[in-house]
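*Asks:* Handing you a structure now.
The values are calculated or read from the model by the stated rules, or taken from the named source; none is laboratory data. Everything numeric here is computed off the predicted structure, so don't read it as measured data. All Cβ positions, even for glycine, are placed from backbone atoms using ideal geometry, and neighbour counts span all protein chains on display.
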């Protein structure tokens, strides 16, 4: 939009300031084609943005378009359109993939792994309404509470003795075990005891690898006894912790047997593995984001480099008429050299090109390689680069008669006249090339630049 003509920008603005939406009457009055509908509001926003007051010098219309000469804008527009298309391709596809999990969603899932609640400790943080979360009763039925298998309850099952069994000692533990509570609604009281046993281990970052390793480590601790899986000290298999011979464990009679292994269907295992997949997907998305940011940065840099290419093109176009018309190919070579120089960023590479000159005395890298116009002009005065003096208009000097009598294939090839658009000294009458050669020269210049830009 910033490179477009004022007449185009005006289509999208009321009184030159307020944007016109597709649904507005002003747009309907213009009878704009229906296939413009998809992009209209984007165009209107762009036009309005260019009219808005903004502080600073970093806006694209101030920093970019102001440096693009009018003569070069059509070519720069085409190149910029190609860059925009590349940027859109880079950003495409986001809406077609499954949304990445947010940190909040990840934290909620991890909390469910432990407490079967998205936030807080759930029943393990309540003294009212916690049901039998503080009792041993469910240790023999897969450690299930309300049809879920919180990891917190499994930890309690392998760490606590039944109520009144305060002399029970766990393996390798010289202290008596903490006791389950006798009544309901004691989830918080019982879980606080487990925390006093385990202590705080500090914060750790949850990664996909750590979660999968933790799930596998738990599965490795389950032993098969009499065709049933047990986590913890089985002893007599009751998992009640009521006597010195009773088990302090979780009995997975409904989940892990000699006929099936549904460990990964336990709530804490299934959610942990699901979260590992989500973390992998989030990590992959972040890597893609980084790659896309790099691609977009490169595209933006390429867009701003267009100002330098446009400047070189403008100089080549405006100086083309001043080059000897008997050798139009030299104009194309000058045009190509101008872009070659502007795209060279290292001093050594620049100095290796005779048609370029390095204009910085302090830096060896950067945007300092420019066209050596003196050298190019000298080469242009040679015919075909042979070193002989140029022929054509130059050989006639101020002799009008010789100029007009100069013929090629029996037809006049020179003319004594004032300059046309694109020629030097427009108001001066002198010997000039025919219009065919001038147009040919201009076409060569443009062709050279289009090839370089694309």
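*Asks:* What number of residues within the range 256-267 satisfy the criterion of being assigned to a helix (DSSP H, G or I) and closer than 15 Å to residue 221 by Cα?
*Replies:* Here is the first cut: in the range 256-267, the residues assigned to a helix (DSSP H, G or I) are 263-265, 267.
Of the ones still in play, those that are also closer than 15 Å to residue 221 by Cα are 263-264.
Final tally of qualifying residues: 2.
*Asks:* Report yes if residue 98 is modelled with pLDDT of 75 or more and surrounded by fewer than 15 Cβ atoms within 10 Å (Cβ to Cβ), otherwise no.
*Replies:* On the way: modelled with pLDDT of 75 or more: no; surrounded by fewer than 15 Cβ atoms within 10 Å (Cβ to Cβ): yes.
Answer is no for this residue.
*Asks:* Among the residues of the range 128-144, write down those that are in contact with a strand residue (DSSP E or B) (Cβ under 8 Å, 6 or more places away or on another chain) and part of a loop (DSSP other than H, G, I, E, B).
*Replies:* Answer for the range 128-144, where residues must be in contact with a strand residue (DSSP E or B) (Cβ under 8 Å, 6 or more places away or on another chain) and part of a loop (DSSP other than H, G, I, E, B): 131, 132, 133, 136, 141, 142, 143.
*Asks:* While we're here: Looking at the range 220-233, which of the residues that are at positive phi and within 56 Å of the chain's Cα centre (by Cα) is surrounded by the fewest Cβ atoms within 10 Å (Cβ to Cβ)? Break it down stepwise before answering.
*Replies:* Initial filter on the range 220-233 (at positive phi): 226-227, 232.
Imposing the further condition that a residue be within 56 Å of the chain's Cα centre (by Cα) reduces the set to 227, 232.
Numbers: 227: 10, 232: 23.
This residue is 227.
*Asks:* Answer yes if at least one residue in the range 234-247 is more than 40 Å from the chain's Cα centre (by Cα), part of a strand (DSSP E or B), touching a residue at least 12 places away in the same chain (Cβ under 8 Å) and loosely packed, with under 15 Cβ neighbours inside 10 Å, and no otherwise.
*Replies:* No, the range 234-247 has no match at all.
*Asks:* When residues of the range 1-51 are filtered for being assigned to a helix (DSSP H, G or I) and either within 26 Å of residue 75 (Cβ to Cβ) or in contact (Cβ under 8 Å) with a residue 24 or more places away in the chain (or both), how many remain?
*Replies:* Residues meeting the conditions: 19.
*Asks:* Of 272, 208, 217, which residue is under 25 Å from residue 107 (Cα atoms) and surrounded by fewer than 13 Cβ atoms within 10 Å (Cβ to Cβ)?
*Replies:* 217
*Asks:* How many residues does the range 145-158 contain that are in a loop (DSSP other than H, G, I, E, B), out of contact with any strand residue (DSSP E or B) (no Cβ under 7 Å at 6 or more places or on another chain) and at pLDDT below 95?
*Replies:* The total comes to 2.
*Asks:* Something else now. If you scan the range 194-217, which residues turn out to be over 37 Å from the mean Cα position of the chain (by Cα) and either assigned to a loop (DSSP other than H, G, I, E, B) or farther than 17 Å from residue 156 by Cα (or both)?
*Replies:* 199, 200, 201, 217
*Asks:* Is it true that some residue in the range 162-178 is over 27 Å from residue 257 (Cα atoms), surrounded by 14 or more Cβ atoms within 10 Å (Cβ to Cβ) and either touching a helix residue (DSSP H, G or I) at 6+ places or on another chain (Cβ under 9 Å) or modelled with pLDDT of 90 or more (or both)? Steps first, answer last, please.
*Replies:* Just the residues of the range 162-178 that are over 27 Å from residue 257 (Cα atoms), to begin with: 163-169, 172-178.
Narrowing the set further to residues that are surrounded by 14 or more Cβ atoms within 10 Å (Cβ to Cβ) leaves 163, 165, 168, 177-178.
Still in the running and either touching a helix residue (DSSP H, G or I) at 6+ places or on another chain (Cβ under 9 Å) or modelled with pLDDT of 90 or more (or both): 177-178.
Yes: the range 162-178 contains one or more residues that are over 27 Å from residue 257 (Cα atoms), surrounded by 14 or more Cβ atoms within 10 Å (Cβ to Cβ) and either touching a helix residue (DSSP H, G or I) at 6+ places or on another chain (Cβ under 9 Å) or modelled with pLDDT of 90 or more (or both).
*Asks:* Taking the condition outside the structural domain of residue 208 (by TED's automatic domain parsing), farther than 24 Å from residue 185 by Cα, surrounded by 13 or more Cβ atoms within 10 Å (Cβ to Cβ) and at pLDDT below 80, does residue 74 pass?
*Replies:* Considered against the rule, which asks whether it is outside the structural domain of residue 208 (by TED's automatic domain parsing), farther than 24 Å from residue 185 by Cα, surrounded by 13 or more Cβ atoms within 10 Å (Cβ to Cβ) and at pLDDT below 80, residue 74 comes out as no.
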